[in-house]
Amino acid sequence: MNIVVAGGTGLVGRELLRLLSEKKEVRVLALVRQIPSSLAAMENVSFRSFDFDSDAEYEWLSNQPCDVAYCCLGSTRRKAGSRASFYKVDYEYPARLFAALQKQKPRVCLVSSVGADHPRGFYLQTKAALEEHLRNSGLPFILLRPSLLLGKRDEFRFFEGLARVLIEPVHTLLRHSSLPSAWRKYAPVRASEVAQAMVRATLDKSREQRPRILEGEDLWRESSV
């Protein structure tokens with residue numbers, strides 16, 4: 001099975017590549033801006049330094065074999081530097097990837113965000129727009145909508161760091177609380193759990209191949225099967 005991963009150096013992407021590298025039956029192509037030395041030796045994983053602004057790169061990608069495509073691309077407005085730059089990373093790059101892969105008709109697994117179904121603010125509006133674009137692409141898909149991601153990032157995000165310190169010790173308790181499921185879906189989730197859910201939902205041939213949305217309890221359940 002041929003797999004393409006976009007965003008393999010982020011919090012979820014690193015965990016995803018680690019899991020995929022353990023599967024002998026797959027070949028993984030990871031599209032990254034810079035090849036990380038810490039990941040370059042992974043078995044079954046080849047890295048390409050991919051210029052996400054280059055038409056030639058997407059043309060090259062359109063001719064690569066792909067059965068499953070994972071999209072973990074994402075940024076923040078602060079890291080991107082502007083609304084326009086954030087939109088480019090979180091909407092334009094993924095949309096161009098989907099277009100480049102149309103010929104192969106892969107199953108696309110997209111990491112979105114909790115709240116994208118009722119977007120308020122530019123961040124969630126961008127996530128919602130990308131979800132809608134993927135639905136309209138005609139490609140089979142799975143959407144994952146995690147809440148606050150727990151894990152060690154390369155870059156420091158103050159408010160996420162503060163939230164992890166305050167919330168991580170009780171995140172399991174939040175999941176099993178008596179709060180309505182519509183509220184519990186906002187409980188934090190570990191990046192490793194999101195990656196596990198992505199792999200199981202896409203590579204398990206016994207699962208239904210229909211479009212699916214995983215968030216809250218469905219996401220946690222998929223990661224613990």
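Tabulated data for the structure shown
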{"read-out": "Criterion violated by A201 - all others in (1) modelled with pLDDT of 90 or more; (2) open to solvent by 40 Å² or more (accessible area, probe 1.4 Å) satisfied", "value": "(2)"}
{"read-out": "Test: F141 is over 26 Å from P188 (Cβ atoms), touching a Leu at 6+ places or on another chain (Cβ under 7 Å) and in contact (Cβ under 8 Å) with a residue 40 or more places away in the chain", "value": "no"}
{"read-out": "Filtered residue count, region 1-17, keeping only those that are open to solvent by 10 Å² or more (accessible area, probe 1.4 Å) and assigned to a strand (DSSP E or B)", "value": "1"}
{"read-out": "Options A41, A56; residue that is of a type in the set (A, V, I, L, M), closer than 19 Å to K88 by Cα and open to solvent by 60 Å² or more (accessible area, probe 1.4 Å)", "value": "A56"}
{"read-out": "Which listed residue, of L29, L20, is among the aliphatic types (A, V, I, L, M) and not in a strand (DSSP E or B)", "value": "L20"}
{"read-out": "Conditions (1) assigned to a helix (DSSP H, G or I); (2) modelled with pLDDT of 65 or more; number of the one not met by A163", "value": "(2)"}
{"read-out": "Of residues in region 44-53 being open to solvent by 50 Å² or more (accessible area, probe 1.4 Å) and part of a loop (DSSP other than H, G, I, E, B), the one farthest from L11 (Cα to Cα)", "value": "D53"}
{"read-out": "Region 90-115: number of residues that are open to solvent by less than 10 Å² (accessible area, probe 1.4 Å) and farther than 22 Å from G8 by Cα", "value": "1"}
{"read-out": "Sole residue being outside any strand (DSSP E or B), over 20 Å from the mean Cα position of the chain (by Cα) and of a type in the set (S, T, N, Q), chosen from S75, S37, S85", "value": "S37"}
{"read-out": "Flag for R78 being under 24 Å from F50 (Cβ atoms) and basic (K, R)", "value": "yes"}
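The values are calculated or read from the model by the stated rules, or taken from the named source; none is laboratory data. Fair warning: this is a prediction, and the values are worked out from it, not measured in the lab. In this analysis, Cβ positions are derived from the backbone assuming ideal geometry, glycine residues included, and neighbour counts consider all displayed protein chains. Surface accessibility is based on the protein's heavy atoms, side chains included, excluding ligands, DNA and RNA. Shrake-Rupley method; radii C 1.70, N 1.55, O 1.52, S 1.80 Å.
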